[in-house]
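So the structure is just underneath, and the comments pick up after that.
The values are calculated or read from the model by the stated rules, or taken from the named source; none is laboratory data. If you're wondering where the values come from, they're calculated on a predicted model, not measured in any experiment. Note that we place each Cβ from the backbone using ideal geometry, even for glycine, and neighbour counts take in every protein chain shown. Ligands, DNA and RNA are excluded from the accessible area calculation, which covers all protein heavy atoms including side chains. Shrake-Rupley method; radii C 1.70, N 1.55, O 1.52, S 1.80 Å.
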2 protein chains.
Amino acid sequence: MIMNNINKTISLESGAGGEKSSELIAQIRKNFAVNHKWKNTLDDGASYKIGSEKLVFTTDAFIVDPIFFPGGDIGKIAMCGTINDLSVMGAKPIGIALSLVIEEGFPAEDLQKIMQSIGKVSKETGVPIVTGDTKVTEKGKIDKIEITTSGVGLAKEIINNGGAQAGDVVIASGNLGEHSVVILAKRFNYTTKLKSDCQPLTREIQSVSKYLTACKDPTRGGAAAVLNEIAEKSKVKIVLEEDKLPFAKETVALSELLGIDKFSFPSEGRFVATVSPKNAQKVIKILQKFNPEAKIIGSVKPGTGVHLKTRLGGTKIIDTPRGKLIPRIC
Amino acid sequence: MIMNNINKTISLESGAGGEKSSELIAQIRKNFAVNHKWKNTLDDGASYKIGSEKLVFTTDAFIVDPIFFPGGDIGKIAMCGTINDLSVMGAKPIGIALSLVIEEGFPAEDLQKIMQSIGKVSKETGVPIVTGDTKVTEKGKIDKIEITTSGVGLAKEIINNGGAQAGDVVIASGNLGEHSVVILAKRFNYTTKLKSDCQPLTREIQSVSKYLTACKDPTRGGAAAVLNEIAEKSKVKIVLEEDKLPFAKETVALSELLGIDKFSFPSEGRFVATVSPKNAQKVIKILQKFNPEAKIIGSVKPGTGVHLKTRLGGTKIIDTPRGKLIPRIC
């Protein structure tokens, strides 16, 4: 992909979380040594057996604009992103490595706010920051601040995304896309009462993880990207139902206003999962204690792809997002 | 420190690897949850016992200018930096998480070169890149490319920096500061035949690790910073001898030309260590197979601080670098 690109430079589309992203990653991966002790290397995190435990390892870079937004800031999102990547794999996060690149002249007060926000998630979840790096760069080398959080966690069993089975139901832990709506609204000076959904999912997932056959957090590329990933890896078809969609009215409105499919809106504190029908009601009941909007949104069938069954009985295919659909917000 | 800063913004001095860096880090750490299962959290990496193994976890952010330099590039330095942080703690690196932030329009050819260089270190050391993240940002949000490498490794025994004992000798694995010289020379259009010392230290350290009582790689802040760290944590005095200094002539010349203490020049593929005198010759002999310049550079005494015994019999104190001594080069 990289060298076929007509202008021979890296484009924003390559980093937007859709199909071009996957191509860029595949290209990048070709050069590396392989160690077959590592599993799940194409998942949210990779896993490695140590004794009777599975170590899960993940990383995420965050440049967010604006860095403060209703419901959070870059620090909160960086912590939640990495904690959630470990959590959706069924791991208990045990430690975070925090890397900061800060532009010279960045307000000390803003840095303190971000650190307090990181500290708050750390304390709430009991996940310590155990190591880190701080670089301060000359003005213009970076826009304000960049945070990379890497995380390690331990799991007895990995929830992998190839585990969805025909017959399972598809659930959402709450309404999706609200982080996206808040950030877009702030950029376009559009007024919304919604708050970012940014939050750690550790306890929510741990309370139901033994029932989940697949689990992903719909960050970059939104539900469209992660449901397609589950369908592809599990070799199944996912059918969503239009009258059970996990979106707030304002999310639907902004989606229509901007002409962007709501399924591609990222969340930063939600997950979608598949679960055997016999456990579905139990799982929903537990999840609704955390978020009353948790619900069944569809079902798993033999076949391929992600389909939306409309109210009128039609079918719409929901593809993995391609190109630069929305400004990068995570 | 942060809020006492008169102009209330983050300054370059805070990230230069000297005393201000430590203050910034201490300030940042205050906010976080603590888990006493983690050890060595103020070292190059933190460690956590899993079964009979110790997991070591580390992270490092790299913005390098220029991104290509004699002897390496940002990809090589990012891999070596993290592999070396694990290695100096006595751990065998088992996997790297690679996070890239790339500016839109970055030449695809340059990205491929960097990836090949990362792949080369990965294959040479047998350390796979097991997970990663790639973000592409709008122009101006980042200068070209930023790489954060995080690493996990396994150790039977951690080499911690508080282990140096009076009576030990101090060794250097080769001449120091040459990465720094090459980068500074390129910035100031100064001609040098030296190449960056940037290289993975995995095999070198593994071949002698059981003999080392303390070990550090002198990156930011150079030998001055890491020898002071060893002296402080081990509660000993380190005495270096002027006629055994580990510097090439050109390093000394550039140091004098720029008026910067050569002990503060960073290396990216060297280590300094302490070792019991009975093992010293054995260790040096092994290390000289990797680098003929490996040698004893001083000794450990009761007391505090790092002292340089001059040829004329005088003593000079080598302090931890303070402020922004040299342009940030790693």
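Report the residue count in the stretch B:276-294 for those that are in contact with a Ser or Thr (Cβ under 9 Å, 6 or more places away or on another chain), farther than 19 Å from B:K210 by Cβ and open to solvent by 40 Å² or more (accessible area, probe 1.4 Å). Going through the stretch B:276-294 one residue at a time, the tally reaches 1.
Pick from the stretch B:139-149 the residues that are crowded, with 24+ Cβ neighbours inside 10 Å and at the interface with chain A (Cβ under 7 Å from one of its Cβ atoms): which of them is farthest from the chain's Cα centre (by Cα)? My answer is B:I142. Taken over the stretch B:153-187, the residue count meeting the criterion of being modelled with pLDDT under 95, farther than 30 Å from B:G95 by Cα and of a type in the set (G, A, S) is 1. In the stretch A:273-286, is there at least one residue being under 20 Å from the mean Cα position of the chain (by Cα) and in a loop (DSSP other than H, G, I, E, B)? Checked the stretch A:273-286: no residue is under 20 Å from the mean Cα position of the chain (by Cα) and in a loop (DSSP other than H, G, I, E, B).
Taken over the stretch B:107-133, the criterion of being closer than 23 Å to A:I145 by Cβ and surrounded by fewer than 20 Cβ atoms within 10 Å (Cβ to Cβ) is satisfied by no residue. Any residue that is out of contact with any helix residue (DSSP H, G or I) (no Cβ under 7 Å at 6 or more places or on another chain), touching a residue at least 24 places away in the same chain (Cβ under 8 Å), surrounded by fewer than 24 Cβ atoms within 10 Å (Cβ to Cβ) and more than 9 Å from chain A (Cβ to nearest Cβ) - is there at least one of those in the stretch B:69-91? Looking for residues that are out of contact with any helix residue (DSSP H, G or I) (no Cβ under 7 Å at 6 or more places or on another chain), touching a residue at least 24 places away in the same chain (Cβ under 8 Å), surrounded by fewer than 24 Cβ atoms within 10 Å (Cβ to Cβ) and more than 9 Å from chain A (Cβ to nearest Cβ), one finds none in the stretch B:69-91, hence no.
Which residues, taken from the stretch A:248-267, are open to solvent by 10 Å² or more (accessible area, probe 1.4 Å) and part of a loop (DSSP other than H, G, I, E, B)? Matches in the stretch A:248-267: A:A248, A:G259, A:I260, A:D261.
B:V101 meets the stated requirement of being more than 15 Å from the chain's Cα centre (by Cα) and open to solvent by less than 10 Å² (accessible area, probe 1.4 Å).
Note on the stretch B:183-198: residues that are within 16 Å of B:F265 (Cα to Cα), open to solvent by 10 Å² or more (accessible area, probe 1.4 Å) and not hydroxyl-bearing (S, T, Y) amount to 5. Looking across B:V152, B:V136, one residue alone is buried (at least 23 other Cβ atoms within 10 Å of the Cβ) and more than 30 Å from B:L55 (Cβ to Cβ). It is B:V136.
Residue by residue, here is whether (1) in contact with a Gly (Cβ under 6 Å, 6 or more places away or on another chain); (2) at pLDDT below 95; (3) part of a loop (DSSP other than H, G, I, E, B) holds:
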| position | (1), (2), (3) |
| --- | --- |
| A:Y48 | no, no, no |
| A:L55 | no, no, no |
| A:T59 | no, no, no |
| A:D65 | no, yes, yes |
| A:T82 | yes, no, no |
| A:P93 | yes, no, no |
| A:K113 | no, yes, no |
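Scanning the stretch A:287-321 for residues that are among the small types (G, A, S) and under 20 Å from A:E229 (Cβ atoms), which turns out farthest from the chain's Cα centre (by Cα)?
Filtering the stretch A:287-321 down to residues among the small types (G, A, S) leaves A:294, A:298-299, A:303, A:305, A:313-314.
With the extra rule that they be under 20 Å from A:E229 (Cβ atoms), the set shrinks to A:298-299, A:303, A:305.
Working: A:G298: 19, A:S299: 21, A:G303: 25, A:G305: 20 Å.
Applying the filter and picking the extreme gives A:G303.
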